[in-house]
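First the structure, in the form of structure tokens, and then the observations on it.
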Amino acid sequence: MLKMNSISRIFRTDTIQTHALRDFNLNVTEGEFVAVTGPSGSGKSTFLNVAGLLDTFDGGSYELDGVNVKGLSDDELSHLRNEKIGFIFQSYNLIPDFNIFDNVDMPLRYRGFNAKERKRRIESALELVGLASRQKYLPSQLSGGQQQRIAIARALAGEPKILLADEPTGNLDSLMARQVMELLHSLNEQGSTIIMVTHDPDQARAIKRNVQVIDGQITDMSIYAPLTSAQTA
Amino acid sequence: MEMLIYYIKLSIHNIKRHTLFFTLMITTLALGIAVLLANLAILKVMSSDPIPQKSDKIFSVNMTTWPETKGDNSEPLHILRYRDAMHILKSDIPTYSLIHYESNVYTRAVESKSLSRFGATTRATTQAFFQLTNAPFEYGQSWENENAFEVVIGADLNQKLFGGINSVGKNIEIDNKLFRIVGVLKPWHLKPLFYHASERRAFNKTDDLFAPIEVALDNSWGIGARASSTEMYNASSETREKNVFYLQAFVQLDTQQQKTEFQNYLDSYSQSLKDAGEHPFDINNKLYNVNEWLTKNKVVDDKILAFALATLLFLAVCIFNASSLLLARYHSAKFETGLRRAIGASKKQIFLQGSIESIIIGTICAFFSIVIGWIFLKLSLSLFPYLTDIANFDMQLMIMGICIAIATSFISALYPLIRASNSNISSEIK
Ligand SMILES: Nc1ncnc2c1ncn2[C@@H]1O[C@H](COP(=O)(O)OP(=O)(O)OP(=O)(O)O)[C@@H](O)[C@H]1O
Ligand SMILES: [Mg+2]
């Protein structure tokens, strides 16, 4: 599903070069749930941005769902992003003056679905996150946890191959965070492939596969049973 | 199609969301365009071709005949003596040739019960005048005999004298003489008035009355425009034999060969005058076609040309302003742009949406530009009173205004849009 081979990503400013990713290797297969942990500044977000085609990389190869993304045009990358990837951000990133329906509608618009198909998908995505009754609400009229679930609905509506989440519960209190995690787990059980960056060891522990990023490299790719992973993390 | 509707929806949403900002931007652009449009409206009448079918075949005749050695005589004169003019008429090289002078008479319809007279600007001319200028006849035609007491009248005068009916065959009285009407013209808007573009008369109306020049002279109708003379004269009837320069001549030369032959004809005439000791100058006869003639007479005012340049600069400043306003707005909308990119909008789509938005703004802008521009035009016409009746916003200008508005709006949006659609996605959203 996602194959990264020896990826490197270097940020250059006038004075310094930061090797945000170096010799980065990762292979994620369909249906997996991967937790990405690591110290701050280690390159987790950079990895997720490269994986989600939001950012380019400088070396190595990356294959997403069988497509080698190196050298694709902006149109092709945008299309891949739209079709295969669902993003969940730490700060939800809903458009404040669009109602819930229009927020979830956004990615579908760029996909070119007709009105009927879009409505069907929006409703079933909202159903899935348990907020079907809030279509006409504005984001500000919902709690943080609900807003994040809307963001998840937006990511799901396009029926992507893979969900990428960068600290999706970072802005939530523990109760709401738990609801969101339960939602992600149930989505995974229904077949979604998910990669999630988290700082919370408890969350990581509950996830089948853990990888750790240190200094731009994956240093630990072993698959632990939930309990043992808790001890090493 | 669906996408287009979505872009339009988003644009309208955006415009509503930032009313104050867009009001500011639209006002900025509309002011710039309005000033330009007002200026173009004036420029357009000033620079239009009055007789496009044959403006390159009609020539004003300018000759070296002036007998005095005083003053600057390097330029040939466009006003001619009677005998010079007769020499021109005598030639059968031109397809048509006319001579004329401007006069003013008072007239009334003979059958009218009222004794009050109407002032009529008058063109004393020859019958080829009507063919050469393509004068539009409503009724009748030109006189055939240059010594007949026959006239052609314009639509306005026909309205005043006869209430606009077919007045051919009716008599009018001028200075106690009877003249029979043989032709009535349709309303005739000749802008600029190429056959009398000198003495700043290019935006005068076409004449009320046209009469055979021989009859006008026999009856000593006054000379109403520039006349220069080296001899005293008391009445226009005396000008036939004297050195009085006041007649203008126009010829229609359809081919290059005609033009060359006629030029030679004029030159040998001037040479013969020189040989006879009438003037000492090098022969420098000129034939200016209509547009050259209008240019030479500075029909397009220098003031207005300088003003046009200033309005263009002003518009550039407005575009620059609108552009920096937009840059700021796109900067504050970075998050939304980044988000749209992240969920699958391509650069092209972002650019397209912004373009649609700018076109919608341009359309709104067009409306205000035309309204404000029209007000500007009315105000600036106080500077050019002789254009008051003719400078206006016609269809062509309004369409042009709409195009300019949309184009300027798009140009202002271009740089901010390129910046926005190319911004780094990952740094905009967290
Ligand atoms: N656009 C950028 N320009 C320059 N350097 C960058 C840029 N983005 C990230 N970096 C650098 O790359 C390194 C990795 O950053 P990244 O955001 O991936 O870390 P992270 O693991 O997500 O950290 P955190 O846990 O704090 O979110 C950091 O040293 C960061 O300063
Ligand atoms: Mg991060």
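Key figures
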quantity	calculated
Yes/no for A:Asn49 being among the polar types (S, T, N, Q) and more than 16 Å from ligand 1 (Cβ to nearest atom)	no
Region A:1-28 - residue that is in contact (Cβ under 8 Å) with a residue 60 or more places away in the chain and either in a loop (DSSP other than H, G, I, E, B) or open to solvent by 70 Å² or more (accessible area, probe 1.4 Å) (or both) and, of those, nearest to ligand 1 (Cβ to nearest atom)	A:His19
Among residues of region A:106-136, those that are within 11 Å of chain B (Cβ to nearest Cβ) and within 21 Å of the chain's Cα centre (by Cα), counted	6
Region B:214-256, subset acidic (Asp, Glu) and out of contact with any Phe, Trp or Tyr (no Cβ under 8 Å at 6 or more places or on another chain), residue farthest from B:Leu193 (Cα to Cα)	B:Glu231
Any hit, region B:291-308, residues being open to solvent by 70 Å² or more (accessible area, probe 1.4 Å), among the hydrophobic types (A, V, I, L, M, F, W, C) and part of a helix (DSSP H, G or I)	yes
Residues of region A:65-89 that turn out to be away from chain B (no Cβ under 14 Å), crowded, with 17+ Cβ neighbours inside 10 Å and over 16 Å from A:Arg9 (Cβ atoms), as a count	1
Subset of region A:1-24 (residues that are within 14 Å of chain B (Cβ to nearest Cβ) and more than 16 Å from ligand 2 (Cβ to nearest atom))	A:Arg12, A:Thr13
Residue count, region B:161-176 (criterion: hydrophobic (A, V, I, L, M, F, W, C) and in a loop (DSSP other than H, G, I, E, B))	2
Among the residues listed as B:Asn104, B:Asn158, B:Asn134, B:Asn147, the single one being touching a Ser or Thr at 6+ places or on another chain (Cβ under 7 Å) and not in a strand (DSSP E or B)	B:Asn158
Per-region count, region A:90-102, residues facing chain B (nearest Cβ under 10 Å) and not in a loop (DSSP other than H, G, I, E, B)	1
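Conditions tested, residue by residue: (1) β-branched (Val, Ile, Thr); (2) open to solvent by 10 Å² or more (accessible area, probe 1.4 Å); (3) within 16 Å of ligand 1 (Cβ to nearest atom).
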position: A:Gly144; (1), (2), (3): no, yes, no
position: A:Gln147; (1), (2), (3): no, yes, no
position: A:Ile152; (1), (2), (3): yes, no, no
position: A:Ala165; (1), (2), (3): no, no, yes
position: A:Leu175; (1), (2), (3): no, yes, no
position: A:Ser186; (1), (2), (3): no, yes, no
position: A:Ser192; (1), (2), (3): no, yes, no
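The values are calculated or read from the model by the stated rules, or taken from the named source; none is laboratory data. On a predicted model such as this, the values are computed, not experimentally measured, just so you know. Reconstructed Cβ throughout: ideal geometry from the backbone, glycine too, with neighbour counts over all protein chains shown. When the accessible area is computed, the model is the full protein with side chains, heavy atoms only, and any ligands, DNA or RNA have been set aside. Shrake-Rupley method; radii C 1.70, N 1.55, O 1.52, S 1.80 Å.
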